[in-house]
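Just so it is clear, none of the values below were taken in a lab; they were calculated from the coordinates. Nothing here was measured: the structure is a model prediction, and the numbers come from that model. Here the Cβ positions follow ideal geometry from the backbone for every residue, glycine too, while neighbour counts run over all protein chains shown.
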Amino acid sequence: MLKESCPFCGEMTEMLLVEGVYKSTKCSHCKKDLSKIVVPKLVAEKPDLKAPEGVLDEL
Amino acid sequence: MVGRMAWMFPAGNPIQEVTSVTLVDTTAKTIDTTVPAGKRWMLIGIKASNPDDVNRIITIRKYKEAAKTNEIKTMASSTVTATTGKQQWPSGAGTDAETQRQVYEVAEAGNTYSVTWSDPGASTGGTAADGLVTEYLEVAVSA
């Protein structure tokens, strides 16, 4: 059982299991929908696997 | 008897519990994970990311019960760098350093792992689809 704090009312509210991932849902206390909060998404940095221009010219 | 045997030999159903984490400007965040009734866990690891654009202190605590009245221990607590940082148990590094293995952490029904992201002051906030991952073995136990 997972609970998260609601940023609107500060109470702990249950999270919803959606396709294997626990996600925010409507707060059981203040009824605000926590899934609608808009903040930037974290995108993991990935290394550039392609060699820079010119590096492979000798091959 | 089956429950006892399960701990004498490597056993248990491996579970990787993935949780989306959304952090909001000037607001602390807590996510509690409670061991269900009739279950016993052997905790393998916890990873908590910081998707915000400022550093946050991420703390992992263990409580005896879901109401968090009795704290058993603080498992990890350190400043986690913005965007790329991770708090990991058992390493407790607070960075993207590798976690460690071979630490056995048994949790009974009702025990609650509470992860807290501190209030960092003004920030943009952020969400990570896998911001909290709890990895454990679970066995069913009879009363």
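Annotations for the structure displayed:
- Förster radius 35 Å - calculated FRET efficiency between residue B:142 and residue A:14 (Cβ-Cβ, nearest 0.05): 0.85
- Ranked packing of B:111-121, A:11-21, A:37-47, most packed first, by mean Cβ within 10 Å: B:111-121, A:11-21, A:37-47
- The mean number of Cβ atoms from other chains found within 10 Å of a Cβ in peptide A:42-49 is 3, as a whole number.
- Cross-linked pairs A:32/B:39; A:3/B:86; A:26/B:29; A:36/B:86; A:23/B:47: Cα-Cα separations exceed 23 Å for A:32/B:39; A:36/B:86.
- Compactness of the protein assembly as shown was expressed as the Cα radius of gyration divided by 2.2 N^0.38 Å, which yields 1.14.
- Net charge of Cβ neighbours under 14 Å - reference residue B:56; Lys, Arg +1; Asp, Glu -1: -2
- Inter-chain Cβ neighbour count for B:110-117, averaged per residue, equals 1 (cutoff 10 Å, partner chain atoms only).
- Peptide B:13-23, shielding by other chains (average Cβ, 10 Å cutoff): 4
- Over chain B, the hull volume per residue, using the convex hull of the C-alpha atoms, is 98 Å³.
- Rough spin-label spacing in nm, given labels placed 7 Å along Cα→Cβ, for residue B:15 and residue A:26: 2.6
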